[in-house]
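Chemist: After the structure tokens below, expect a handful of questions from me.
The values are calculated or read from the model by the stated rules, or taken from the named source; none is laboratory data. Nothing here was measured: the structure is a model prediction, and the numbers come from that model. With ideal geometry, Cβ positions are generated from the backbone for all residues, glycine too; neighbour counts draw on all protein chains shown. With ligands, DNA and RNA removed, areas are computed over all heavy atoms of the protein, side chains included. Shrake-Rupley method; radii C 1.70, N 1.55, O 1.52, S 1.80 Å.
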Amino acid sequence: MKTSQEIIETTERYGAHNYHPLPVVIARAGGVWVEDIEGKRYVDMLSSYSALNHGHRHPAILAAVQAQMERVTLTSRAFHNEELGPFCEELARLCGKEMVLPMNTGAEAVETAIKAARKWGYLKKGIKRHKAEIICCEGNFHGRTVTVVSFSTEPDYREDFGPFTPGFKIIPYGDAKALAKAVTKNTVAFLVEPIQGEAGINVPRKGYLAACARICRERDILLMADEIQTGLGRTGKLFACLHEDVTPDLYILGKALGGGVYPVSAVIGPAGVLGLFRPGEHGSTFGGNPLAAAIGRAAIRVLLDERLVERSDEMGAYFMERIGRIDSPHVKDVRGRGLLIGVELKKKAGGARRFAERLMQDGLLCKETHEHVIRFAPPLVITKEEIDWAMERIEKALKMK
Ligand SMILES: *Cc1c(COP(=O)(O)O)cnc(C)c1O
């Protein structure tokens, strides 16, 4: 058997270096726990960037995978399959919407929402073809395709990857007035994360999203909520938009929709928008395949049956209360909602990475986001006892020299 070190060396030698992982090789997992090759156990407080809301290898989701694998896994959209219709119906109902367009990864779902909004602008608003504008926010993260990084404001994400896709306008995050000012006759949509995850768990001021929703309604533009990371219970509500009683026109979902096993994403919205697509105009070989649809259905079922949204709210409040009590010389701010929590460190703390490395040694996996924020986002199935266990380690790390 190979050691962790040998595996890491092979990965570094033959795999492109587009990530900077912590030096741990995960070999097994279950619930909130993972185990490395040498048998050391860790509590997972990253949850694959919130793709593991249900925990690792949830038994009901694995059972759905197994059952579907024994029937049919791939049909392409050239034919129908039994799972896609019920998946779309159940997801549409969950979102209070009429229609679903299934994809695989988050970035593809964002691209799909952009295409849907542009088409809606041309067909329904009479905007001159190829003039549509979409408004986005500074610090956004919506994925890695060329079009999506075209409206990123993060130099690393774009510097060497232009030329970019036109048609996007950037405004400051958290400033509804800037949105009102940026709208023109060519604007079709406002694309926003209700909480900016990758930017460092930025929670906008109360009332921001509701104000944006009002502006979108008044100016007849689509509100497109990227809830890929914040959705499906992560922030203590089914969707983070619900903290302000906002229903966006389009939901963009991914990550946890795949139940922690498989990429499943979707755009969910009114028939007046998604119904505009005609055969041949958009698609994906794997999007909506029967295995993905069966997994998506199981992910929704488990979320509701196990009341994971309520758990996230309760455990998140407990986590926040506990971490708030830690008296650390390094902490500048603790923020978040539900089980999406960011600890911002002071500049002189020496960067979040060394804290993540220390926590790893002590059996807790988390990751820095940007330079100075540690993100804690455990699976929503975490218990109070497990939070207590983690908190002992977090306290030690935050008090180190
Ligand atoms: C992860 C993420 C994406 C991209 O999803 P991928 O599956 O990695 O393409 C888009 N938006 C947000 C808010 C995300 O957190």
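Chemist: Among the residues of the range 84-102, is any out of contact with any Lys or Arg (no Cβ under 9 Å at 6 or more places or on another chain), open to solvent by 40 Å² or more (accessible area, probe 1.4 Å), within 16 Å of the ligand (Cβ to nearest atom) and assigned by TED's automatic domain parsing to the domain that holds VAL183?
Modeler: Looking for residues that are out of contact with any Lys or Arg (no Cβ under 9 Å at 6 or more places or on another chain), open to solvent by 40 Å² or more (accessible area, probe 1.4 Å), within 16 Å of the ligand (Cβ to nearest atom) and assigned by TED's automatic domain parsing to the domain that holds VAL183, one finds none in the range 84-102, hence no.
Chemist: Looking at (1) charged (D, E, K, R); (2) surrounded by 24 or more Cβ atoms within 10 Å (Cβ to Cβ); (3) touching a His at 6+ places or on another chain (Cβ under 9 Å), which one does LYS237 not meet, given that it meets all the others?
Modeler: The failed condition is (2).
Chemist: Next question. Within the range 349-368, track down each residue that is part of a loop (DSSP other than H, G, I, E, B) and of a type outside the set (Gly, Ala, Ser). Walk me through how you get there before you give the answer.
Modeler: Of the residues in the range 349-368, the ones part of a loop (DSSP other than H, G, I, E, B) are 350-352, 362-363, 366.
Result: ASP362, CYS366.
Chemist: Same structure again: Suppose we keep only residues that are more than 10 Å from the ligand (Cβ to nearest atom) and among the small types (Gly, Ala, Ser) within the range 252-266. Which one would you say is surrounded by the most Cβ atoms within 10 Å (Cβ to Cβ)?
Modeler: It comes out as GLY259.
Chemist: If you take the residues in the range 304-338 that are at positive phi and assigned to a loop (DSSP other than H, G, I, E, B), which one is most open to solvent (accessible area, probe 1.4 Å)?
Modeler: Ranking the candidates gives ARG307 first.
Chemist: For the range 150-161, does any single residue satisfy the condition of being polar (S, T, N, Q), within 16 Å of the ligand (Cβ to nearest atom) and surrounded by 21 or more Cβ atoms within 10 Å (Cβ to Cβ)?
Modeler: Within the range 150-161, one or more residues are polar (S, T, N, Q), within 16 Å of the ligand (Cβ to nearest atom) and surrounded by 21 or more Cβ atoms within 10 Å (Cβ to Cβ).
Chemist: Any residue that is away from the ligand (no atom under 14 Å from the Cβ), surrounded by fewer than 23 Cβ atoms within 10 Å (Cβ to Cβ) and outside any helix (DSSP H, G or I) - is there at least one of those in the range 108-121?
Modeler: Filtering the range 108-121 for residues away from the ligand (no atom under 14 Å from the Cβ) gives 115-121.
Still in the list and also surrounded by fewer than 23 Cβ atoms within 10 Å (Cβ to Cβ): 115, 118-119.
Then drop every residue that is not outside any helix (DSSP H, G or I), which leaves none.
Looking for residues that are away from the ligand (no atom under 14 Å from the Cβ), surrounded by fewer than 23 Cβ atoms within 10 Å (Cβ to Cβ) and outside any helix (DSSP H, G or I), one finds none in the range 108-121, hence no.
Chemist: Return yes when VAL188 is aliphatic (A, V, I, L, M), within 11 Å of the ligand (Cβ to nearest atom) and either touching a Cys at 6+ places or on another chain (Cβ under 9 Å) or not assigned by TED's automatic domain parsing to the domain that holds SER47 (or both) and no when it is not.
Modeler: Against the criterion (aliphatic (A, V, I, L, M), within 11 Å of the ligand (Cβ to nearest atom) and either touching a Cys at 6+ places or on another chain (Cβ under 9 Å) or not assigned by TED's automatic domain parsing to the domain that holds SER47 (or both)), VAL188 does not qualify.
Chemist: I've got another one for you. Does the range 111-131 contain at least one residue that is within 30 Å of SER76 (Cα to Cα) and of a type in the set (Asp, Glu)?
Modeler: Yes, the range 111-131 has at least one match.
Chemist: LEU209 fails exactly one of the following numbered conditions: (1) within 16 Å of the ligand (Cβ to nearest atom); (2) surrounded by fewer than 17 Cβ atoms within 10 Å (Cβ to Cβ). What is the number of that condition?
Modeler: (2)
Chemist: Any residue in the range 109-122 that's closer than 13 Å to THR145 by Cβ: show its pairings with residues that are in a helix (DSSP H, G or I) at Cβ separation under 8 Å, as long as the two are six or more apart or on different chains.
Modeler: Taking only residues 6 or more apart or on different chains, the pairs are VAL110/VAL148; GLU111/THR147; GLU111/VAL148; ILE114/THR147.
Chemist: Further question on the same structure: Quick check on my filter: what residues within the range 213-226 are away from the ligand (no atom under 16 Å from the Cβ) and open to solvent by less than 50 Å² (accessible area, probe 1.4 Å)? Walk me through how you get there before you give the answer.
Modeler: Residues of the range 213-226 that are away from the ligand (no atom under 16 Å from the Cβ), as a first pass: 213-222.
Selection gives ALA213, ILE215, CYS216, ILE221, LEU222.
Chemist: I'd like the full set of residues that are in a loop (DSSP other than H, G, I, E, B) and under 14 Å from GLY342 (Cβ atoms), limited to the range 369-397.
Modeler: Taking the range 369-397 first, the residues in a loop (DSSP other than H, G, I, E, B) are 370-372, 377-383.
Passing the criteria: HIS370, GLU371, HIS372, ALA377, PRO378.
Chemist: Test ARG234 against the stated conditions and say whether it is outside any helix (DSSP H, G or I) and closer than 20 Å to MET103 by Cβ.
Modeler: Working: outside any helix (DSSP H, G or I): yes; closer than 20 Å to MET103 by Cβ: yes.
Here the answer is yes, as ARG234 does meet what is asked.
Chemist: Find all pairs meeting these conditions: Cβ atoms under 6 angstrom apart; at least six residues apart or on different chains; first residue within the range 227-251 and within 16 Å of the ligand (Cβ to nearest atom); second residue of a type in the set (A, V, I, L, M) and part of a loop (DSSP other than H, G, I, E, B).
Modeler: THR230/ILE195; GLY233/LEU380; ALA240/ILE195
Chemist: Show the residue pairs that are 6+ apart or on different chains and have beta-carbon atoms under 6 Å apart, the first residue being within the range 339-366 and open to solvent by 10 Å² or more (accessible area, probe 1.4 Å), the second being charged (D, E, K, R) and not in a loop (DSSP other than H, G, I, E, B).
Modeler: Here the result reads GLU344/LYS332; GLU344/ASP333; LYS346/LYS332; ARG353/GLU368; ASP362/ARG393; LEU365/ASP44, each pair linking the range 339-366 to a residue that is charged (D, E, K, R) and not in a loop (DSSP other than H, G, I, E, B).
Chemist: Within the group ARG301, ARG278, which residue is among the charged types (D, E, K, R), in a loop (DSSP other than H, G, I, E, B) and surrounded by fewer than 23 Cβ atoms within 10 Å (Cβ to Cβ)?
Modeler: Numbers: ARG301 fails: in a loop (DSSP other than H, G, I, E, B).
The conditions single out ARG278.
Chemist: Let me ask you something else. Would it be correct to say that LEU74 is in contact with a Phe, Trp or Tyr (Cβ under 9 Å, 6 or more places away or on another chain) and under 10 Å from ALA266 (Cα atoms)? Break it down stepwise before answering.
Modeler: Numbers: in contact with a Phe, Trp or Tyr (Cβ under 9 Å, 6 or more places away or on another chain): yes; under 10 Å from ALA266 (Cα atoms): no.
So LEU74 fails the test.
Chemist: In addition: Give me a count of the residues in the range 98-113 that are more than 17 Å from the chain's Cα centre (by Cα) and β-branched (Val, Ile, Thr).
Modeler: Step one: list which residues in the range 98-113 are more than 17 Å from the chain's Cα centre (by Cα), which gives 98-101.
Okay, now just the ones that are also β-branched (Val, Ile, Thr), so 100.
Count: 1.
Chemist: Right, GLU89: farther than 23 Å from GLY259 by Cβ and charged (D, E, K, R) or not? Spell out how you get there, then give the answer.
Modeler: Values: farther than 23 Å from GLY259 by Cβ: no; charged (D, E, K, R): yes.
Considered against the rule, which asks whether it is farther than 23 Å from GLY259 by Cβ and charged (D, E, K, R), GLU89 comes out as no.
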